[in-house]
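A.B. asks: Input: one structure, supplied below.
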Amino acid sequence: MPPSANVADVPRTLFAGIATSYDWPAQVFSLFQYRRWHRLLLSRLQLSPPARVLDMATGTGAVALQLAQRPGIEVAACDITRPMLLQAKALASRDGQPRTIDLIECTAEAVPFPDTTFDAVIFTYLLRYVSDVPATLHELASVLRPGGTMASLDFAVPGGLAYHLWRVHTDAVLPLGGALLSPAWRRVGGFLGPSIRQFCQRWPQPRLLDLWRQCGFRDVRAKRLSLGGALVMWGTKSK
Ligand SMILES: C[S@@+](CC[C@H](N)C(=O)[O-])C[C@H]1O[C@@H](n2cnc3c(N)ncnc32)[C@H](O)[C@@H]1O
């Protein structure tokens, strides 16, 4: 079922304004952890070519473009925000490397592929934007073949001493840094901290792990990175 207009408007409004300038601020604001988190996510996939991968919430295609460079890997890169996909398209054609990548505008809440289409499904920074987290996870699981891997990445709230540093980063550094860049980045900088905190209160790690199992995944694992500020989760779809 498609999300209500209001729910879809939040990411579209946020990301349309930063699409052409997304990549380097994402690196800086993540304290240069952004690529490292992507690498860990990709290392969880067991892909033997030829293989088809769905990258949902691909944004400017940072992960999809890396994957599509591998021989025999075909990538469907999906996102709800057209300007992000246009930027992914521009980046894909910039360095002239041969890649098999399709860019598709859609919502994760209604994935436009038949069941069991993909050998792997990944999504990054997605679930905070959807109206129904369990329904979205079920939807993404349905297009994965049994035995395939699903892996996700999102921000998380660190514990202990790191929590106080994280609060300074999200309450002050991000809004201020964003404001220095542009009005669109100021909105994103002010949005992120509360969005991450609220999501992690509603969906703490053990509850998310349970949800993955309820969606038909086994061997579900999670790894916290960068003092707990990022969370990678993965599992294998049961046969
Ligand atoms: C922070 S960006 C992440 C982009 C990319 N995955 C990365 O790691 O750099 C989050 C992306 O999620 C997309 N998004 C948000 N809600 C979505 C939905 N319901 N369906 C598909 N994409 C969505 C936004 O448009 C945005 O491009």
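Every number in this text was worked out from the coordinates using simple rules, so none of it is lab data. Keep in mind the model is a prediction, meaning the values are calculated, not measured. Please note: Cβ atoms are built from the backbone with ideal geometry, for glycine as well, and neighbour counts cover all protein chains shown.
A.B. asks: When the helices in the chain are scored as -39500 (n - 2.57) per DSSP H run of 4 or longer and the sum is shared across all residues, what 222 nm value do you end up with, to the nearest 500 deg cm²/dmol?
C.D. replies: Values: 10 runs with 106 residues, N = 239.
Taking each H run of at least 4 residues, the total per residue is -13500 deg cm²/dmol.
A.B. asks: For region 17-33, in order, what is each residue's ³J(HN,Hα) by Karplus, 6.51 cos²θ - 1.76 cosθ + 1.60 with θ = phi - 60°, in whole Hz (x at glycine and Pro)?
C.D. replies: x, 10, 4, 6, 10, 5, 5, 6, x, 4, 5, 5, 5, 8, 6, 6, 9
A.B. asks: Which whole-Hz ³J(HN,Hα) couplings does region 129-138 yield from phi under the Karplus relation 6.51 cos²θ - 1.76 cosθ + 1.60, θ = phi - 60°, glycine and proline marked x?
C.D. replies: After applying 6.51 cos²θ - 1.76 cosθ + 1.60, I find 9, 9, 7, 9, 5, x, 5, 5, 5, 4 Hz.
A.B. asks: Right, here's the next one. Kindly work out what percent of the DSSP beta bridges joining two residues of the chain are antiparallel, to the nearest 5. Present the calculation step by step, with values, prior to reporting the outcome.
C.D. replies: Numbers: 14 of 35 bridges.
Antiparallel: roughly 40 percent of the beta bridges in the chain.
A.B. asks: Same structure, new question: Given a Förster distance of 22 angstrom, what is the FRET efficiency for residue 86 paired with residue 115, based on the Cβ-Cβ distance and rounded to 0.05?
C.D. replies: Using R0 = 22 Å, I get an efficiency of 0.15.
A.B. asks: As an exercise, identify the chymotrypsin sites (Phe, Trp or Tyr not before Pro) in region 1-92 lying in DSSP coil whose Cβ has no more than 15 other Cβ atoms within 10 Å.
C.D. replies: Here the chymotrypsin sites (Phe, Trp or Tyr not before Pro) that fit, given the DSSP loop and packing criteria, are 32.
A.B. asks: Measuring from the lowest to the highest alpha carbon on each principal axis, how far does the chain reach, largest first, in angstroms?
C.D. replies: Extents along the principal axes: 45, 41, 34 Å.
A.B. asks: Simple spin-label model, 7 Å along Cα-to-Cβ: residue 100 to residue 39 in nm?
C.D. replies: Result: 2.7 nm between the two label points.
A.B. asks: Right, another one. List, in order, the whole-Hz ³J(HN,Hα) value for each residue of region 80-91 obtained from phi through the Karplus relation with A = 6.51, B = -1.76, C = 1.60 and θ = phi - 60°; use x for Gly and Pro.
C.D. replies: So the J values, rounded to whole Hz, are 8, 10, 4, x, 5, 5, 5, 5, 4, 4, 4, 5.
A.B. asks: For residue 104, what residues show an amide H to amide H distance below 5 Å, using hydrogens built from the backbone and excluding near sequence neighbours?
C.D. replies: 77, 78, 79
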